[in-house]
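Okay, structure first, notes after.
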Amino acid sequence: MKKLIIYCIAFLFSGILYAQEEQQDIKKDTTKLKEIIVLGRRKLNNYRQEKTLSSIDNFLEKANKVTMIKRGNYAWEPSLNNMNSERLTVTIDGMQIFGACTDKMDPITSYVDVSNLEKVHVGSGQQGTENGHGVGGGIDLQLPASKYYESGLKTSVDLGYETNGNYKTAGLDLEYSGNKFYITTDGIYRKSDNYNAGGDKEILYSQFEKYNISLQTGFKLSEKESFDANVIYDRATDVGYPALPMDVSLAEALITSLTYNYANDSTFISSLESKLYFNTITHIMDDSKRPDVPIRMDMPGWSDTFGFYNKAKFNLKKHNMLINVNGFYNRSLAEMTMYPNDPNQPAMFMYTWPDIRTLYSGIYAKDEYSLDESKTLSASLRFGYHQNQIAKEEGLESLQIFYPNIDDTKSRFLASFSTDYIYKKDHYDMSFGLGYGERAPSVSEGYGFFLFNSFDNFDYIGNPTLENEKAIEVNIKTNYHVNKLHIGIESSYFHIMDYIIGNIDNNISSMTIGANGVKVYKALSYATIFDVYLNSSYSLSKSLSVNGTVGYNYGKGHDNENLPLIKPFSYLAEMSYNKEKFNAALQLEGNGNQSKYSSFYGEDETPAYAVVNLNLGNVFIINQNKLVLKYGLENILDTNYSTYADWNNISRQGRNFYINLSLINF
Ligand SMILES: [Cu+2]
């Protein structure tokens, strides 16, 4: 009955979400086929419904097609079109960066903060291949553009508090902008204790603490040429992972880049951007706070990446062209030392990532051709050369136990292609796209050595002989606007060949005490993934509107087994009131029962849930300052729930009161 009421409310509101994107600052330009999430602090206005000091994870979760997989309260893993890390390219301003954790505790999104970024580009499927090869899509976390505003010195201060978990946030931003020179620096600090799930149940090991500082500076050589330098340092300590058997004592990243820009409207090449970059990550896991572990372990990991890209834009009559030549070199190393409880036994050491060196170089080209005012045809291509090398002799020998014929190096060619047709009229627009893409196996899929996965309780062994994973994709998107009503449909279908997934191997015994066995990465001959979202909104008056979204997803292997981590039926309904200096929004958000769960891959059935949130905001202008106040109550009914994306069914936050305050000096 309760469910029925919830569905009824959802459909009453239906007209369902996201027509207000422009107001909410989650702008979707259908001509670009990309979803853009704006984070810039100076662009803060009162139309954004949620917290201003949300983590990037929280902002990403608002995007259509994106879900965050949670192993705790920090460092969520983005999933796009029901595909996660290995199948996506996640980059920071076009820079490749790879996490250093064999257990996916450190997605790239955890090493930046909202203060570092201006916006996030989410490209679904083959529309997300500008920076690299992927099957599910690309997420690019973009740094702020150069700021030659001649506005002198400006400051802004952010403060946030949330009752659940006693979560504190503080941020400071300084910016000096001149005619030929600018410099900005900011810092943000976040600390949370264990949070409580609905019904005041404390979730042990869900605490975290982190700070992030960044510096960006630039100068103009001439009116057309400039240089930018950017440094981000991010350090998280004492991060608990309630869904995993270990925590993290240190996750640290240093991200640096130097960029040369050239812009000229009157020449054939309208802009040129060349970047050189380096980033290094250190990740230290820690089980010292867990009272009962079968064996104590040290598991550090490192990832270093050097890279570059050269990007040029051309305008030729009705053509809009872009060419991006890029390359990187990554080193991924992870170790495991096990200390038996009996001190007379020797410690056991092995490389879980045996110093894998990845070299990539490739070229991307895109052309947008406008057939006439309302029709655009676009096509993109990416070709690349990808090479993996096992640098540790011990690592190679260990893998040769299972694959006697492998060499230390493996090279691949990767290709991707997409084409889109876009038709746009005043009250109607539609796009239709086709794509083909390939990706190389990740370091874990190719070379991981006894990586324990607490989701299905198996140790995983990589497979250096895997073929490239390949996908054929069809997508369609359409929007209608009639008076005060907006309706949109967005859908993608993927046919994925040589779909990489772990398969039980009964001939190998597990290393982890208590594990169910060992899985080796193999490929299903094919798998299919489908998603469809219906968005709509209706304006009741100038300031009052309702909007909502319903989504349906589907994923199966060739053997008719359900794929893991496929989102069940989902909905979001919102009623919002927006005035220039005040806003309020009441949200209902939930999922249906996860009936198509994958017991074969370790999932159980997650029941339906629904939560209600209330968000409020005020803006005050005091002299030359803007004060933005956001406050509200999340999970008002204190529902105890977990979703399909919560690792090991860890319950999410119960009732939470939050307040965010941003003081911005113009
Ligand atoms: Cu880890």
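The values are calculated or read from the model by the stated rules, or taken from the named source; none is laboratory data. The shown structure was predicted, so the numbers you read here are calculated from the model rather than taken from an experiment. Here the Cβ is made from the backbone with ideal geometry for all residues, glycine too, and neighbour counts use every protein chain on show. Surface areas here come from the heavy atoms of the whole protein model, side chains and all, with no ligands, DNA or RNA. Shrake-Rupley method; radii C 1.70, N 1.55, O 1.52, S 1.80 Å.
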Can you tell me which residue in the range 307-348 is least open to solvent (accessible area, probe 1.4 Å), limited to those that are on the phi < 0 side of the Ramachandran plot and of a type in the set (K, R)? K311
Among the numbered criteria (1) under 20 Å from T129 (Cβ atoms); (2) over 27 Å from the mean Cα position of the chain (by Cα), which single criterion is violated by V482? (1)
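Consider the range 192-205. How many of its residues are in a strand (DSSP E or B) and either touching a residue at least 24 places away in the same chain (Cβ under 8 Å) or in contact with a helix residue (DSSP H, G or I) (Cβ under 8 Å, 6 or more places away or on another chain) (or both)? First the steps, then the outcome.
Initial filter on the range 192-205 (in a strand (DSSP E or B)): 192, 196-197, 201-202.
Still in the list and also either touching a residue at least 24 places away in the same chain (Cβ under 8 Å) or in contact with a helix residue (DSSP H, G or I) (Cβ under 8 Å, 6 or more places away or on another chain) (or both): 192, 196-197, 201.
Summing the residues that are in a strand (DSSP E or B) and either touching a residue at least 24 places away in the same chain (Cβ under 8 Å) or in contact with a helix residue (DSSP H, G or I) (Cβ under 8 Å, 6 or more places away or on another chain) (or both) in the range 192-205 gives 4.
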Restricting the range 224-235 to residues that are open to solvent by 30 Å² or more (accessible area, probe 1.4 Å) and within 30 Å of K104 (Cβ to Cβ), the residue that is farthest from the ligand (Cβ to nearest atom): V231
Checking the conditions here, which among A243, A236, A312 is part of a strand (DSSP E or B), in contact (Cβ under 8 Å) with a residue 12 or more places away in the chain and farther than 30 Å from A379 by Cβ? A236
Report the residue count in the range 420-447 for those that are closer than 15 Å to A471 by Cβ and either among the hydroxyl-bearing types (S, T, Y) or more than 22 Å from the chain's Cα centre (by Cα) (or both). 3
Please work out if D355 is of a type in the set (D, E) and under 22 Å from V520 (Cβ atoms). yes
Anything in the range 116-144 that is touching an Asp or Glu at 6+ places or on another chain (Cβ under 7 Å), aliphatic (A, V, I, L, M) and assigned to a loop (DSSP other than H, G, I, E, B)? List them, or say none. V135, L143
Only residues in the range 431-443 that are in contact (Cβ under 8 Å) with a residue 60 or more places away in the chain count as the first member; pair them with residues that are buried (at least 21 other Cβ atoms within 10 Å of the Cβ) and hydroxyl-bearing (S, T, Y), Cβ under 6 angstrom, at least 6 apart or cross-chain, and list the lot. G435/S418; G437/S416; V443/S332
Given S361, S332, which one is within 23 Å of I92 (Cα to Cα), free of Cβ contacts under 8 Å to residues at least 40 places away in the same chain and not aliphatic (A, V, I, L, M)? S361
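Here is a yes/no grid of residues against (1) out of contact with any helix residue (DSSP H, G or I) (no Cβ under 7 Å at 6 or more places or on another chain); (2) more than 16 Å from the ligand (Cβ to nearest atom); (3) open to solvent by less than 20 Å² (accessible area, probe 1.4 Å); (4) aliphatic (A, V, I, L, M):
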site	(1), (2), (3), (4)
K62	yes, yes, no, no
R71	no, no, yes, no
P78	no, yes, yes, no
R87	yes, yes, yes, no
F98	yes, no, no, no
N116	yes, yes, yes, no
T129	yes, yes, yes, no
Within the range 597-614, how many residues turn out to be open to solvent by 20 Å² or more (accessible area, probe 1.4 Å) and under 30 Å from D505 (Cβ atoms)? 6
Which residue pairs have Cβ atoms under 9 Å apart, sit 6 or more places apart or on different chains, and have a first residue in the range 500-511 that is closer than 24 Å to N84 by Cβ and a second that is of a type in the set (K, R) and open to solvent by 30 Å² or more (accessible area, probe 1.4 Å)? I500/K522; I501/K522; G502/K522; N503/K522; D505/K522
Please pick out the residue among D298, D367, D372 that is surrounded by fewer than 14 Cβ atoms within 10 Å (Cβ to Cβ) and either within 30 Å of N264 (Cβ to Cβ) or touching a Phe, Trp or Tyr at 6+ places or on another chain (Cβ under 9 Å) (or both). D372
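Yes or no: T109 among the polar types (S, T, N, Q), under 30 Å from A527 (Cα atoms) and in contact with a helix residue (DSSP H, G or I) (Cβ under 6 Å, 6 or more places away or on another chain)? Spell out how you get there, then give the answer.
Numbers: among the polar types (S, T, N, Q): yes; under 30 Å from A527 (Cα atoms): yes; in contact with a helix residue (DSSP H, G or I) (Cβ under 6 Å, 6 or more places away or on another chain): yes.
It is true that T109 is among the polar types (S, T, N, Q), under 30 Å from A527 (Cα atoms) and in contact with a helix residue (DSSP H, G or I) (Cβ under 6 Å, 6 or more places away or on another chain).
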Lone unmet requirement of (1) assigned to a strand (DSSP E or B); (2) over 23 Å from the mean Cα position of the chain (by Cα) for G307: (2)
Flag if I496 is touching a strand residue (DSSP E or B) at 6+ places or on another chain (Cβ under 8 Å), touching a residue at least 12 places away in the same chain (Cβ under 8 Å) and open to solvent by less than 30 Å² (accessible area, probe 1.4 Å): yes
Applying the selection to the range 145-176, what residues are at pLDDT below 95 and part of a loop (DSSP other than H, G, I, E, B)? A145, S146, K147, Y148, Y149, E150, S151
With the condition kept exactly as written, say whether any residue in the range 206-223 is under 20 Å from the mean Cα position of the chain (by Cα), in a strand (DSSP E or B), more than 27 Å from K630 (Cα to Cα) and away from the ligand (no atom under 16 Å from the Cβ). no
Can you report the number of residues in the range 615-666 which are open to solvent by 20 Å² or more (accessible area, probe 1.4 Å), in a strand (DSSP E or B) and of a type in the set (A, V, I, L, M, F, W, C)? 11
Please verify whether the range 552-566 includes one or more residues that are among the aliphatic types (A, V, I, L, M), in contact (Cβ under 8 Å) with a residue 60 or more places away in the chain, buried (at least 16 other Cβ atoms within 10 Å of the Cβ) and part of a strand (DSSP E or B). no
Give the residue that is farthest from W302 (Cα to Cα), with candidates limited to residues of the range 236-245 that are within 13 Å of the ligand (Cβ to nearest atom) and surrounded by fewer than 22 Cβ atoms within 10 Å (Cβ to Cβ). A243
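Conditions (1) within 16 Å of the ligand (Cβ to nearest atom); (2) over 21 Å from the mean Cα position of the chain (by Cα); (3) modelled with pLDDT of 95 or more; (4) open to solvent by 30 Å² or more (accessible area, probe 1.4 Å), marked per residue:
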| residue | (1), (2), (3), (4) |
| --- | --- |
| L254 | no, no, yes, yes |
| T259 | no, yes, yes, no |
| N264 | no, yes, no, no |
| I269 | no, yes, no, yes |
| S274 | no, yes, yes, yes |
| S288 | yes, yes, no, yes |
| P291 | no, yes, no, yes |
| P294 | no, yes, no, yes |
| S303 | yes, no, yes, no |
Starting from the range 272-289, keep only residues that are over 30 Å from S226 (Cα atoms), then list their pairs with residues that are open to solvent by less than 10 Å² (accessible area, probe 1.4 Å) and more than 16 Å from the ligand (Cβ to nearest atom) whose Cβ atoms are within a distance under 6 Å, requiring at least 6 positions of separation or different chains. none
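Conditions (1) aliphatic (A, V, I, L, M); (2) within 17 Å of V231 (Cα to Cα); (3) buried (at least 20 other Cβ atoms within 10 Å of the Cβ), marked per residue:
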| site | (1), (2), (3) |
| --- | --- |
| S146 | no, yes, no |
| T155 | no, no, no |
| G160 | no, no, yes |
| G165 | no, no, yes |
| T169 | no, no, yes |
| N179 | no, no, no |
| I183 | yes, yes, no |
| R190 | no, no, yes |
